[in-house]
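Below is one structure, written out as structure tokens; comments come after it.
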Amino acid sequence: MAEHDTIEGGGPTTENTRRCSTVVGLHWGDEGKGKLVDLLAKEHDAVVRFNGGANAGHSIQIGDERFALHLMPSGVLHPGKRLVIGNGVVVDPEQLLAEIDGLGARNVDTSGLVVSSRAHVVLPYHKDEDGLREAMLQGRAESAKQKQGEIGTTRRGIGPSYAEKTNRSLAVRVGDLLRPEVLREKVAASCEIRHAMFAEFASTDGVPAEALDAEAITERMLAAGQRLRDRITDTVYLLHEMVQRGQRLLFEGANATLLDVDHGTFPFVTSSSTCALGIGPGTGVPPTCLDRVIGVMKAYCTRVGAGPFPTELENATGDAIRERGREYGTTTGRPRRVGWLDLVATRYAAMVNGCTGLAVTMLDVLSGFDELLVCTEYEIDGVKTDRFPADAEALRSVRPIYTRMDGFSGDLSLARSVGELPARARAYLELIEQHAGVPVDIVSVGPERAQTIGL
Ligand code: GDP
Ligand code: IMO
Ligand code: MG
């Protein structure tokens, strides 16, 4: 175990320890959180993941080099930062090691990384189960014309791993990777149960026998545990100690608010608390420590996977935005669904997160359109509302009411101050501020660090 294990608690946090910032996505993911976290990391001492797992795909571009991070916190490109995978994350140990190795091969220092011993493990059978459930739901929906089809998950085992955590008895935590007997017993029992569950589908879906070979899985996990050994620690004490020392933490949200298991477009969501509300349970750091909450949003909307999307553009305009914005998934490569900016959803998400500021990304992508539509109200069953409905069915029946904005043109990627943006682009940002009720602090006009206004 790592040395921080011995750190004693530092007492309660106080007003002057509120030095923590948060970056969260306000829509359905891929808003540019990786870029923002990379930029803000330099003024923080640690970058902390609190939710999700390898379903996240956070990209950072530095010159010609692109980095796609799934579990590794996006502060890794700044040497000397503490990088923390908190207890709320579900960790696929082999995926994490592959990331550590891949970054190492590119001479990126990952020595600052620690992993909570309380974080839960994604086991190979969770990924199999994820795929099987999705295939079953898809088949059922197609054959019986049922509404409840697949979610379109990333098949990274996220849902089954969080379900295992909630089911408790057979859940494997990262600390268990260092306890061979405990691990062996849990994996054996899990495989036994799943053997019965999977058997029925094995013939149609071809789940290979080794998928449930408990001994092989245990050995793989123990080997991964040995390689992660020095990084596994009690991150709750580590983080509180940093706060007490006056060090600054940056919390990195994965996935995004509208995919939150409680506050998103349920059931078309992921299985964790993706918004700022998830920081407490996902790290052990209380809300009194939180200071700045930056909600990251694109200048338009995208979504990957199934679920309602009121402003979706299934036409040439949507295709044009997809191509200009290179809207293909960082984790799965799937084409992202594209739509106009939805300010009803944005305002709701900013409210739930308690955002102190917004970061608007991809403004450059919208350059060149004659007009831009922005959804500023919904109509549901003939009644206008500016509220985001809690129910996916209600959201499906929404008729978006649009405000038409004049389009802007020119190469925005060269702008380095708000004054250098076209007046119509500034008007677009003002409309966002007006409806979200939160100031736009940062504007991103390209994937690179320098292509940013307001930092
Ligand atoms: P995340 O999951 O929120 O970190 O976002 P992703 O990395 O999955 O997707 C965002 C994509 O947009 C990445 O390819 C980024 O390099 C890119 N990107 C970020 N900000 C901008 C921007 O302002 N303009 C453009 N054109 N691309 C951007
Ligand atoms: P980042 O951090 C976009 C979506 C999936 C699917 C649903 C459930 O890169 O923004 P899961 O595998 O979590 O059970 O899938 O959630 N989803 C994301 N979409 N970006 C993400 O992460 C996502 N994480 C999950 O597409 O619809
Ligand atoms: Mg992403």
Seminar exercise, completed: With criteria (1) at pLDDT 95 or above; (2) assigned to a helix (DSSP H, G or I); (3) farther than 19 Å from residue 114 by Cβ; (4) open to solvent by less than 50 Å² (accessible area, probe 1.4 Å), residue 202 comes up short on (1)
Problem set entry | Residue among 37, 23, 84, 108 that is under 20 Å from the mean Cα position of the chain (by Cα), away from ligand 3 (no atom under 14 Å from the Cβ) and at pLDDT 95 or above | 84
Seminar exercise, completed: Residues in the range 312-353 that are β-branched (Val, Ile, Thr) and open to solvent by less than 10 Å² (accessible area, probe 1.4 Å) total 4
Exercise. Residue 356 passes all but one of (1) in contact with a helix residue (DSSP H, G or I) (Cβ under 8 Å, 6 or more places away or on another chain); (2) of a type in the set (S, T, N, Q); (3) farther than 17 Å from residue 301 by Cα; which number fails?
Worked result: (1)
Exercise. In the range 256-265, is there at least one residue being open to solvent by less than 10 Å² (accessible area, probe 1.4 Å) and assigned to a helix (DSSP H, G or I)?
Worked result: yes
Problem set entry | Among residues of the range 354-396, those that are exposed (fewer than 14 other Cβ atoms within 10 Å of the Cβ) and within 20 Å of residue 319 (Cβ to Cβ), counted | 2
Exercise. Mind checking whether some residue in the range 69-88 is more than 17 Å from residue 296 (Cα to Cα), more than 12 Å from ligand 1 (Cβ to nearest atom), assigned to a helix (DSSP H, G or I) and β-branched (Val, Ile, Thr)?
Worked result: no
For this session: Can you confirm whether the range 371-381 contains a residue that is free of Cβ contacts under 8 Å to residues at least 24 places away in the same chain, acidic (Asp, Glu) and away from ligand 1 (no atom under 16 Å from the Cβ)?
Result: yes
Exercise. For residues in the range 361-376 being over 13 Å from residue 340 (Cα atoms) and touching a helix residue (DSSP H, G or I) at 6+ places or on another chain (Cβ under 9 Å), which is farthest from ligand 2 (Cβ to nearest atom)?
Worked result: 368
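So that you can scan it fast, the table gives a plain yes or no per residue for (1) in a strand (DSSP E or B); (2) farther than 20 Å from residue 24 by Cβ; (3) more than 16 Å from ligand 1 (Cβ to nearest atom):
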| site | (1), (2), (3) |
| --- | --- |
| 351 | no, no, yes |
| 358 | yes, no, no |
| 388 | no, no, yes |
| 416 | no, yes, no |
For this session: Would you please list the contacts, defined by Cβ atoms under 6 Å and residues six or more apart or on different chains, that run from a residue in the range 133-154 that is within 16 Å of ligand 3 (Cβ to nearest atom) to a residue that is modelled with pLDDT of 80 or more and not charged (D, E, K, R)?
Result: 152/305; 152/306; 154/55; 154/332
Problem set entry | Residue within the range 279-288 that is in a loop (DSSP other than H, G, I, E, B), under 12 Å from residue 28 (Cβ atoms) and either open to solvent by less than 20 Å² (accessible area, probe 1.4 Å) or touching a residue at least 60 places away in the same chain (Cβ under 8 Å) (or both) present | no
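The values are calculated or read from the model by the stated rules, or taken from the named source; none is laboratory data. Please read these numbers as outputs of a predicted model, since none were measured by experiment. Neighbour counts run over all protein chains shown; Cβ positions are idealised from the backbone, glycine included. Calculation scope for accessible area: heavy atoms of the full protein, side chains included, ligands and nucleic acids excluded. Shrake-Rupley method; radii C 1.70, N 1.55, O 1.52, S 1.80 Å.
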